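Written out below as structure tokens is the structure these notes cover.
The values are calculated or read from the model by the stated rules, or taken from the named source; none is laboratory data. Just so you know, these numbers come straight off a predicted model, no measurement behind them. FYI the Cβ positions are ideal-geometry reconstructions off the backbone, even for glycines, and counts take in every protein chain you see.
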Amino acid sequence: MTCDVQLKERAGVINPIFTCQPAGAQFASIGIKDCIGIVHGGQGCVMFVRLWFSQHFKDNFLLASSSVHEDGAVFGALDRVETAVDVLLMRYPGVKVVPIITTCSTEVIGDDVDGVINKLNRGLLQEKYADREVHLVAIHSPSFVGSHVTGYDVAVESFVTYFAKKGVPNGKLNLITGWVNPGDVTALKHLLAEMQVDSTVLFEIESFDSPIMPDKSGESHGSTTIEDLTGTANAIGTIALNRYEGGKAAKYLEAEFDIPTIIGPTPIGIRNTDTFLQNVKKLTGKPIPESLVRERGIAIDALTDLTHMFLADKKVAIYGHPDLVIGLAEFCLDLEMEPVLLLLGDDNSSYKNDPRIKALESNVDYDMKIVLNADLMELESRIKNKEVELDLILGHSKGRFVSIDNNVPMVRVGFPTYDRAGLYRHPVVGYAGAIWLAEEMANTLFTDMEYKKNKEWILNMW
């Protein structure tokens with residue numbers, strides 16, 4: 001009975017769990033107010049990512065492309081960056097932040113993005129846009145390493161490194177949420193409001209769940225401001241919820257500005273939400289109010305109704321973002337479930353040294369496999385080859401065919417989820433997220449039981 005961490009043995013990737021770094025950098029950019037990113041690469045590097053975001057959030061997002069073609073891929077395409085910046089600033093007079101996001105092609109040919117930004121700062125911006133506040137931020141996100149998770153991490157660090165400036169202490173807590181949904185941000189802000197903690201949320205994407213107004217405007221954008229980013233250097237502390245999605249920026253603020261910093265754990269489930277609130281208390285000195293103690297009690301009562309009778313001993317496979325996968329696994333263990341297969345889908349060699357994975361290796365008393373650099377074919381082949389027997393799959397919508405073809409019920413969680421309605425409104429984090437996740441898992445098992453015409457109560461009760 002062991003927890004075994006292993007690399008995928010098969011060469012190549014079939015049906016990947018993750019996409020490329022520029023996608024993550026683009027997700028970070030749309031969380032900033034008055035910001036439109038220019039992706040320095042082919043048009044597809046923007047088109048497909050915008051489609052991805054729109055599938056998940058059912059909304060529209062502004063992103064631009066330098067539209068590199070064959071000649072630029074051979075001879076260099078920095079002139080495309082210059083043109084793109086000029087056209088973008090002319091067309092959108094309110095834009096203040098323009099990240100230049102590199103891709104595989106422009107990194108391979110060696111385009112000097114930092115150099116062209118210096119050139120534009122000395123030339124175009126002074127000559128044509130001297131009356132405007134414009135910040136050009138280089139984000140290096142080559143697609144041939146890492147994933148959209150590392151691209152997001154790199155982008156958050158780039159924005160914080162560029163904007164953070166030491167000034168007067170602002171008494172705020174920096175909260176770096178990682179790659180979450182609007183519902184998660186709402187839940188996190190609620191917890192902080194109950195503790196009367198003033199915070200800077202990076203990134204403030206609650207507004208992604210945007211209204212359609214009488215003027216027919218329907219564009220979604222984040223609301224983190226330049227002032228918010230600048231003020232991160234003057235906070236009383238930083239909490240990064242995820243090690244791999246914002247951890248770099250948190251470490252930078254600690255090293256550069258001596259800001260007390262805590263990274264993780266991802267507040268999924270009761271245990272990790274408790275730790276999150278204790279960390280907030282430690283950094284701010286604010287007590288945990290009775291209202292949150294009551295919320296916690298409601299969540300525990302809801303989980304008690306489900307755990308032993310319906311969820312205990314159910315075998316689960318989980319895939320997706322590493323912090324999400326580990327947080328979900330910890331939550332499942334607390335619910336007496338057995339996560340038997342965890343799939344982490346990129347080439348980050350540091351996962352095996354993650355203390356949370358080390359804890360699983362030390363404490364799990366049944367057979368668990370954690371597969372690094374995994375893909376969804378790994379999940380499918382292990383099911384078909386009878387290497388795992390599953391009651392449930394947790395993951396994003398890209399794995400739906402594995403669920404359908406192998407007749408294993410699945411709860412959609414993570415990014416992207418596009419074959420269920422409105423999941424981005426539901427939190428996964430906090431006490432509210434614990435209730436939603438547990439009830440969603442139970443209801444999925446109930447529905448599967450009915451679909452398979454199991455007329456007897458087989459979910460650990462007679």
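Annotations
Residue by residue, here is whether (1) buried (at least 18 other Cβ atoms within 10 Å of the Cβ); (2) within 30 Å of GLY167 (Cα to Cα); (3) touching a strand residue (DSSP E or B) at 6+ places or on another chain (Cβ under 6 Å) holds:
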| position | (1), (2), (3) |
| --- | --- |
| ILE212 | no, no, no |
| SER220 | yes, no, no |
| THR232 | yes, yes, yes |
| ALA240 | yes, yes, yes |
| LEU253 | yes, yes, yes |
| GLU256 | no, yes, no |
| PRO287 | no, yes, no |
| LEU292 | yes, no, no |
| GLY297 | no, no, no |
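- Counting only strands (runs of 3 or more DSSP E) that sit completely within the range 228-336, those holding 1 or more residues that are basic (Lys, Arg) correspond to 315-320.
- Every residue from the range 338-350 that is in contact (Cβ under 8 Å) with a residue 40 or more places away in the chain and outside any strand (DSSP E or B): GLY345, ASP346, ASP347, ASN348
- Selected residue (criterion: farthest from GLU338 (Cα to Cα)) from residues of the range 271-313 that are modelled with pLDDT under 95 and not polar (S, T, N, Q): ASP305
- Residues in the range 258-278 that are buried (at least 20 other Cβ atoms within 10 Å of the Cβ) and not aliphatic (A, V, I, L, M): THR261, GLY264, PRO265, THR266, PRO267, GLY269, ASN272, THR273, PHE276.
- Cβ pairs under 8 Å, 6+ apart, first in the range 60-75 and within 23 Å of TYR92 (Cβ to Cβ), second modelled with pLDDT under 80 and hydroxyl-bearing (Ser, Thr, Tyr): ASN60/SER220; PHE61/SER220
- Residue among ALA359, ALA438 that is without any contact (Cβ under 8 Å) to a residue 40 or more places away in the chain, out of contact with any strand residue (DSSP E or B) (no Cβ under 9 Å at 6 or more places or on another chain) and aliphatic (A, V, I, L, M): ALA359
- From the options LYS119, LYS58, residue that is over 22 Å from PHE163 (Cβ atoms), out of contact with any helix residue (DSSP H, G or I) (no Cβ under 6 Å at 6 or more places or on another chain) and basic (Lys, Arg): LYS58
- Within the range 1-34, considering residues that are surrounded by fewer than 24 Cβ atoms within 10 Å (Cβ to Cβ) and touching a helix residue (DSSP H, G or I) at 6+ places or on another chain (Cβ under 6 Å), the one nearest to LEU78 (Cα to Cα): THR19
- Test: residue in the range 106-124 that is at pLDDT below 95, of a type in the set (S, T, N, Q) and crowded, with 21+ Cβ neighbours inside 10 Å: yes
- Considering VAL364, VAL340, the condition of being over 17 Å from ASN15 (Cα atoms) and modelled with pLDDT of 95 or more is satisfied by VAL340 alone.
- Residue within the range 384-391 that is outside the structural domain of ASP274 (by TED's automatic domain parsing), closer than 24 Å to ARG243 by Cα and out of contact with any helix residue (DSSP H, G or I) (no Cβ under 6 Å at 6 or more places or on another chain) present: no
- Restricting the range 170-181 to residues that are hydrophobic (A, V, I, L, M, F, W, C) and out of contact with any Leu (no Cβ under 7 Å at 6 or more places or on another chain), the residue that is surrounded by the fewest Cβ atoms within 10 Å (Cβ to Cβ): VAL180
- Screening ASP184, ASP153 for residues that are crowded, with 22+ Cβ neighbours inside 10 Å, in contact with a Pro (Cβ under 7 Å, 6 or more places away or on another chain) and closer than 17 Å to THR266 by Cβ leaves exactly one candidate, ASP184.
- The residue list VAL95, VAL68, VAL87 contains one member that is modelled with pLDDT of 95 or more, assigned to a loop (DSSP other than H, G, I, E, B) and aliphatic (A, V, I, L, M), which is VAL95.
- For the range 329-378, a residue qualifies if it is among the small types (Gly, Ala, Ser) and either in contact with a helix residue (DSSP H, G or I) (Cβ under 7 Å, 6 or more places away or on another chain) or surrounded by 16 or more Cβ atoms within 10 Å (Cβ to Cβ) (or both), and the qualifying residues are ALA329, GLY345, ALA374.
Condition check ((1) free of Cβ contacts under 8 Å to residues at least 12 places away in the same chain; (2) part of a loop (DSSP other than H, G, I, E, B); (3) closer than 18 Å to SER65 by Cβ; (4) not hydrophobic (A, V, I, L, M, F, W, C)) across all residues:
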{"position": "GLN6", "(1), (2), (3), (4)": "no, no, no, yes"}
{"position": "ALA11", "(1), (2), (3), (4)": "yes, yes, no, no"}
{"position": "ILE14", "(1), (2), (3), (4)": "no, yes, no, no"}
{"position": "THR19", "(1), (2), (3), (4)": "no, yes, yes, yes"}
{"position": "GLN26", "(1), (2), (3), (4)": "no, no, yes, yes"}
{"position": "VAL39", "(1), (2), (3), (4)": "no, no, yes, no"}
{"position": "VAL46", "(1), (2), (3), (4)": "no, no, yes, no"}
